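The values are calculated or read from the model by the stated rules, or taken from the named source; none is laboratory data. Here the structure is a predicted model, which is why all the values come from computation and not from measurement. Glycine also receives a Cβ, built like all others from the backbone with ideal geometry; neighbour counts cover every protein chain displayed.
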Amino acid sequence: MSKANRISSTGRVTHVRMDCAYLTSDKFGKVLVMPGAVFPSDYGQSDLRQRLKVDDTVHFVAIARPQEQCEWLAVRVGGIFTFLVVTVTLVTDTFAYAVSESISTVFIPVTAFLSSDHAKLSDHVASGDCLFVLVRPLLERSGCQWIAISANKVASDNVPSPDSVRSSSQCSCTPTSVELPHDRKGYAVIYFVSKQIAYAHDICGEVVTCPILTWIGGNNGNMDAEGLNEVVAVGETVYFEASCTKRGWRAQRWSRNEPIGGSSDSYTQTAMTSEQMILRAIGPELSDFLRQRIPNVLAYTAL
């Protein structure tokens, strides 16, 4: 498809139904959005009302296809997300306000925090605390035009600089070219997780598919974990390195934190075979059995 028939821009949601939605772009006009542009093909949810709201500002990629009085049909839609380090200025039991040098005031609801152990936000956060947040635009509320969808409290001696936050992802939230990069790395927030797979939004609102075979973050201290849903949770921020495939962005390696010492030169990772998985699972028990049954052989092999 030629570049003239494919666009990448931002727009405002003007109407949302369960099976379709409409965007308005100042540059390109009206854009039709179908569920396939918002949800992964193997994701069970397809109600657009659960993902898009009227007056949301979103980023979209669309193709020229006149339909439903629209000149453009969206093939991918995501919210415009930004990572920030903010300083809390006001705290109540259910929400907080914080400030940032780049976008001024941010509204932070208690639901933005991953932990559900604190019934009151004021028990967990105080004025002056630094938070690492993922924000998106919203209609102005008490002077705020941004809302945090994920928030993590950080120690004062471990606050990332604005430059490091910006450089953690190689994509731009307002791309000037319709040609999307083939590889990407940065941070994303999980919005769905099962035993075998997770889906996350990066700072551009793109969906990143995160399979269990490319997870390199360990078991998070849960020795009984048997799937991703016992290691990571919805709303958690993860670091990823992804490649662009025919089905969208797919993480080639991902974990909670950026690997120390930088990324590997290759985006590939060798997955364990079924035999290796079995041996890894029964390894300790097998060693104990052999030690009891044939200690002399084990002693010989250790020489």
Practice item. Give the residue that is nearest to the chain's Cα centre (by Cα), with candidates limited to residues of the stretch 60-83 that are buried (at least 21 other Cβ atoms within 10 Å of the Cβ) and more than 20 Å from F192 (Cα to Cα). Key: F60
Check your understanding: So is E236 modelled with pLDDT of 85 or more and within 23 Å of F113 (Cα to Cα) or not?
Key -> no
Review point. Among D93, D26, which is loosely packed, with under 13 Cβ neighbours inside 10 Å, modelled with pLDDT of 80 or more and touching an Asp or Glu at 6+ places or on another chain (Cβ under 9 Å)?
Key: D93
Revision key, fill the gap. Of the residues in the stretch 222-255, those that are of a type in the set (D, E, K, R), over 23 Å from V133 (Cβ atoms) and either within 12 Å of the chain's Cα centre (by Cα) or assigned to a strand (DSSP E or B) (or both) come to R250, R253
